[in-house]
Amino acid sequence: KVKSNNLDAKIPESELETEEKGTEEEPTRESDGNILDVSSDYPRDKHISIQRHLADLEKLADMREDKKKPCPLCPEEKFRACYSHKLHRHLQNLHWKVSVEFRGYRMCICHLPCRPVKPNFVGDQTLSKMGAHYHCIICSATITRRTDMIGHINRHVNKGETESRFITVRAPTNEVIKESATDVQVLPNHSTPQKTDSYFNPKMKLNRQLIFCALAVLAEERKPIECLDAFGATGIMGLQWAKHLRSSVKVTINDCNENSVKIIKENCHLNKMKVKLNTKEGASDGTVGDGEENTDTIEVTEMDANVIMHLRSFDFIHLDPFGTSVNYLDSAFRNVRNLGIVSLTSTDISSLYAKAQHVALRHYGCNIVRTEYYKELAARIVIAAVTRAAARCNKGIEVLLAVSLEHFVLVVVRVLRGPSTADSSAKKIRYLIHCQWCEERIFQKEGNMVEENPYQQLPCDCHGSMPGRTAVVLGPLWSGSLFNTGFLRRMLLEAVQYGLDEAQPLLKTLICEAECTTLKQFSTHGPGDENKQEECGVFIKTSNTSAESYVVPGKRKGEEVIRGAAKRQRAEHSAEHPAFYYNVHRHSIRGMNMPKLNKFLNYLSEAGYRVSRTHFDPMGVRTNAPLVQFKTVLMKYSTPTYTVGQAEGPVHLPGDVQVGEEVPAAADIKEEDAEFPDGKSGVVDAVSTQPYPTDHAAD
């Protein structure tokens, strides 16, 4: 007899002999850390309901054609002994088909009295009920339902719990993922941040490439720079920095979770990087002491992000917490060096995209509603919070990059010390007046005086023609520019140099959006020389800039020289891009076929307006044209949809009929008034004489 968890089961002598031989041949298997190979025979003390094949389950019954055998997983009162053909059908249909699979093993349903069940008292008799259940292969627990058993096994796998009181299994090998020539090992549940210590999202590859390009641009300005990845997780971002930029950066990867720190150290060794530990921990194998220097050395710390940013100063800080990052902004701007860069990734898109407006009010102190430009609104909300945090530390900011995509909002800003820059940045935080009827929008005028009629600031006349209140006040928001053209151009050069293919198309779109030009007019070099690119009110060294014109930004005299040169050439700086954008589909006219988007951009440009596409919305148009003119151009180049009884080709309405007015009846239109594309004249059919509404809301 072999003793199982809760049952003594009879096993043939042949199996006992083979097991004894196996133990004699491999006596050291259990002594080696109590680790068993999953590929070999699974634990010896497993329950009899856990088998690899159906034939193994049939061996327990020792089926013979001339004798009746009972079911090894059912009591006698539930299933009586029967011949082999009936027993085979019983084991296959009742036990094997409803089993739960785990790494080649099947946990079959068991009807034996292994699980204690409360008895039922009927009169003076006690009826014992045999409950069906499963035996967990990992922790030997008994679960009644199959779905609960599957969830129970998944929880073990997600937590990495494969050791048991009865059996021990080799922990699953971590998966190795390669990205940008950097290898990282992740846990099996790396895609679920709530259940893992090392969260890794492959969809954020574009985000990591943009941040790398920003750091590479900063590394060209001054060397070496100290950069911090405050939330390391697997350490993929810090490893990419150190592996590609090498001696230009001193990378510090931080995480407050002990398991994450262990994985970061393992990933450093996997990429042949040496780890420099804290002075409290001391140096161990594969680490570097304080006195040694190595270009491929990464410092790994285990502390709260707020603590390390309070204790040390950095040139580049990246914040990527799970959710909002407002809790770490004060610490980030406290010790960041002058002309340094702070980048933050916010993944709380439910609140930023106006799905949970109360959460946005609680985290960002901002009142928002769902609009057609909600993604740009989210970016301006985050920048406003960053500006206020920097101003509390007597620092100003200049926005270098703001990206809002499906999964995240990325903001990259440069820090400028001084109360004057902090005041100028704080003045760019303003409220927005948004018309809920036509979705026209405009920032409130500067000043503290209360206006009698704030609706007069809106270019539209919806308040006069519509009853009730038609507009809301949103904000406070960032009203300044979202991009820096010179910085984006240098980011594109770095992306080309390091072969970051996914970031290059987006950077080209951002450059066109920053300059408010179409892609056809895009060029790698700006209208001026590269050495005349203004960033943050200062001129930064580029490849064409002589060494004499570059002064160390840490010196006060050098800053004055740079700022003086910036003031002399401020006129060469291009104008800021228009705020917000319009969605072509949102403002399309019912019954009209609008032109292609690229052709519509050319029509707006020919009308004398600045125009470009935007990465926030694939059908969005960023332009300085008012909404009325936007709709006028859209109406002018739209063609009517063909209807029943209408002649082929678009019908051009009389010249005296304006957009939004009713079209006169067919009998009132003269034949010469209705012109057709082929030059002929005719009478407009009565079906096509209905007025077209100017927008969906007016319908």
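Things worth noting here:
- Qualifying trypsin sites (Lys or Arg not before Pro) for the stretch 410-499 [loop in DSSP, other Cβ within 10 Å: at most 15]: LYS427, LYS445, ARG469
- In percent, rounded to a whole number, the relative contact order of the stretch 578-641 is 47, using alpha-carbon pairs under 8 Å and six or more apart.
- Extension gain for PHE79 to LYS636 (0.36 nm times residue separation, less C-alpha to C-alpha distance): 192.2 nm.
- Evaluated at q = 0.12, 0.20, 0.23, 0.25 Å⁻¹: base-10 log I(q)/I(0), Debye formula over Cα of the stretch 578-641: -0.25, -0.70, -0.94, -1.12
- Here the accessible area is traced with a 1.4 Å probe on the protein chains. For the stretch 578-641, carbon and sulfur cover 52 percent of it.
- Normalised by the number of residues in the stretch 430-489, the mean separation of alpha-carbon contacts (under 8 Å, six or more apart) gives a relative contact order of 44 percent.
- Solvent-accessible area per residue, Å², over the stretch 578-641 with all protein chains present [probe radius 1.4 Å]: 43
- For the stretch 384-428 versus the stretch 346-369, the spacing of their alpha-carbon centroids is 18 Å.
- Inter-site label distance for LYS596 and HIS88 at 7 Å from Cα along Cβ, in nm: 6.8
- Accessible area, probe 1.4 Å, largest first, for residues LYS203, LYS274, LYS59, LYS395: LYS203, LYS59, LYS274, LYS395
- Estimated D of the stretch 308-466 in µm² per second, where Rh is the Kirkwood radius over Cα pairs and Stokes-Einstein applies at 25 °C, 0.890 mPa s: 146
- Solvent exposure of the stretch 325-480, expressed per residue, is 41 Å² of accessible area, with all protein chains present and a 1.4 angstrom probe.
- Sites VAL628 and THR518 - FRET efficiency at Förster radius 30 Å, r taken between beta-carbons, to 0.05: 0.85
The values are calculated or read from the model by the stated rules, or taken from the named source; none is laboratory data. Everything quoted here is computed from the prediction, not taken from an experiment. In this analysis, Cβ positions are derived from the backbone assuming ideal geometry, glycine residues included, and neighbour counts consider all displayed protein chains. Surface areas here come from the heavy atoms of the whole protein model, side chains and all, with no ligands, DNA or RNA. Shrake-Rupley method; radii C 1.70, N 1.55, O 1.52, S 1.80 Å.
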